[in-house]
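The values are calculated or read from the model by the stated rules, or taken from the named source; none is laboratory data. Remember, predicted model here, so these are calculated numbers, not experimental data. So basically every Cβ, Gly included, is an ideal-geometry build from the backbone, and we count neighbours across all protein chains shown. With ligands, DNA and RNA removed, areas are computed over all heavy atoms of the protein, side chains included. Shrake-Rupley method; radii C 1.70, N 1.55, O 1.52, S 1.80 Å.
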Amino acid sequence: MDSRFTLEKRIQAEIMSYDGKMGIYLNDFHGNEFALGQEEKYETASTIKTFILASLFDEVEKGNKSLEDFVEYKKEHVVDGSGVLVSLEPGAVLRIKDAAVFMIIVSDNIATNMIIDYLGLDTINRCIEKLGCKDTVLYNPIHFDQYRRLGTSTPKDYGSVFTRLVKGELVSPQADAAMIEILKKQHYNSMITKDFPPVYMDSDNTDEILITVASKSGSMDACRNDGGIVFTPYGPYVIVMFHKEFSDAMYYPAHPATVFGARVSRLVLDQFLALEGRFCL
């Protein structure tokens, strides 16, 4: 491939006018990785929930916990923000696997607090460290009025989780496959998929869905993040995009972090499909 027209240079040109800082990690599983600021720390927002999910499945794999255990929604779990449990009163009881699904697919903050309480903060952070994510920390449960931050991580750490999920090497092949299926149902993946051709992802227009995504995003005033696995007819690839230091803290679909992230994501998809499963030859 012409060295003047690499994926790296296309991405760098795309984000040159971006009002903010974007950290990127890409892996095509053919020895081609691309990283931009991959070891720089970012606020996680709800992307920390992927690490919590991994910690839950790790504890289940060890026999310390069970997905069939029941957890109660208590007053101390109450928090505003995303999810459905905020519409219910404390006292509801959920199976832990159902709380985990809520935590991921609608980014439910109350379900997340229930799982943090169930596992314990120390257990979660020990598991994160055991997974080799040395720059990732969950500081506390989600309580915006009590704590200044939730967690920190890096594009490299987050990308490593999805890379090992694809390989079945994060917790176990069975557990990893189960986590991927949950992550595929995640509702908020617009940064990754916003500019994807709809025909690739809509089975009403084709005999099958050609592209699926298993991901978890996260947004707070100080960050906009997305990351996951894109499954294509040529195989999967991992993409992570973390954002900070932008000037606009408001939430809306055309936020520059989403717009520029979506452009980068489309560049990556086009390159991967054009080269039939690789980022470069």
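Checking each residue in segment 37-93 for being under 24 Å from Phe246 (Cα atoms) and among the hydrophobic types (A, V, I, L, M, F, W, C) picks out Ala45, Ile48. When Val71, Val86 are checked against the criterion of being farther than 15 Å from Gly218 by Cβ and assigned to a strand (DSSP E or B), a single residue qualifies: Val71. Screening the candidates Gly81, Gly31 for the property of being over 17 Å from Ser215 (Cα atoms), outside the structural domain of Lys130 (by the TED database) and surrounded by fewer than 17 Cβ atoms within 10 Å (Cβ to Cβ) yields one hit, Gly31. Among the residues making up segment 132-168, a single one is more than 18 Å from Ala222 (Cα to Cα), open to solvent by 90 Å² or more (accessible area, probe 1.4 Å) and part of a loop (DSSP other than H, G, I, E, B): Lys134. The residues of segment 89-114 that are over 21 Å from Ser219 (Cα atoms) and touching a Lys or Arg at 6+ places or on another chain (Cβ under 9 Å), listed by number, are Pro90, Gly91, Ile96.
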